[in-house]
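Asks: Take this structure first; my questions come after.
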Amino acid sequence: MASDLPVLETVHCEPIWFQHYLTHVRLDKEATGGEFALIEMHAASFASPPHIHHNESESFYVIEGQLEVHKEGRAFTLGSGDAIHTPRGVPHMYKVVSDTARWLVLVSPAGFEGLMRRVSRPAESNTIPPGFAGRIMPLPSTDSLAAGGIEILGAEGELPPEL
């Protein structure tokens, strides 16, 4: 079955600083026809706020380092080569439990990468944003997150009882 999607021999993406992360959007909705987006993230030790994606499912694949993902009352420690899926609408949070970690995020359908681009800034270097290891950064505005289908359930690193 032939695809109407363009064949990309090389995907070039500019690095962005999204919160604590050095981020590269490897495949976006334009490249996949909206089916999914593939995002590479690299961060130093920190934890996301507990949150829900109302518009997409989110899967993680760890390239290096370790992540701890909390969902459905369980904690999962992921190392290099491990993966986990968080369905749309399921509260979850994750944290980098090694000094640094690098992982891929697959969101389906695509769209979350657009929010990331809107609330990020161009990276000044191809490195994790300097000076943010272990520090809490202000989240994008609640309106920005809500417009992107993200609901924040608590503060960064705080594990609510339902997780």
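The values are calculated or read from the model by the stated rules, or taken from the named source; none is laboratory data. It should be emphasised that the depicted structure is a prediction, and the values quoted were computed from it without experimental measurement. A quick note on method: Cβ atoms are made from the backbone with ideal geometry, for glycine too, and the neighbour counts reach across all protein chains shown. The accessibility values were calculated without ligands, DNA or RNA, using every heavy atom of the protein model including side chains. Shrake-Rupley method; radii C 1.70, N 1.55, O 1.52, S 1.80 Å.
Asks: Taking 7 Å along the Cα-to-C-beta vector as the label spot, tell me the VAL90-GLU14 distance in nanometres, rounded to one decimal.
Replies: Distance between the two pseudo-spin positions: 3.6 nm.
Asks: Starting from the Cα-Cα distance between SER98 and LEU153, subtract it from 0.36 nm times their residue separation and give me the gain in nm to one decimal.
Replies: 17.4 nm
Asks: Another question about this same structure. Give me the percent relative contact order of the stretch 1-130, please, defined on Cα pairs under 8 angstrom at least 6 residues apart.
Replies: So the answer I get is 33 percent.
Asks: Also, I was wondering about something else. Can you give the accessible area of ILE128, probe radius 1.4 Å, in Å² rounded to 10?
Replies: The value for ILE128 is about 40 Å².
Asks: Oh, and also: Would you please give the FRET efficiency between THR127 and ASN55, computed as 1/(1 + (r/R0)^6) with r the Cβ-Cβ distance and R0 = 25 Å, to the nearest 0.05?
Replies: 0.25
Asks: Separate question: Is there a quick way to get the dipole size of the stretch 65-129? I mean about its Cα centre, with the Cβ of Lys and Arg at +1 and of Asp and Glu at -1; what is the value in debye to the nearest 20?
Replies: So the magnitude is around 240 debye.
Asks: Next question, about the same structure. Normalised by the residues of the stretch 34-89, what does the relative contact order come to in percent, with Cα pairs under 8 Å and at least six apart?
Replies: 38
Asks: What full-extension length gain, to one decimal in nm, is calculated for ARG74 and VAL119 as 0.36 nm per residue of separation minus the Cα-Cα distance?
Replies: 13.2 nm
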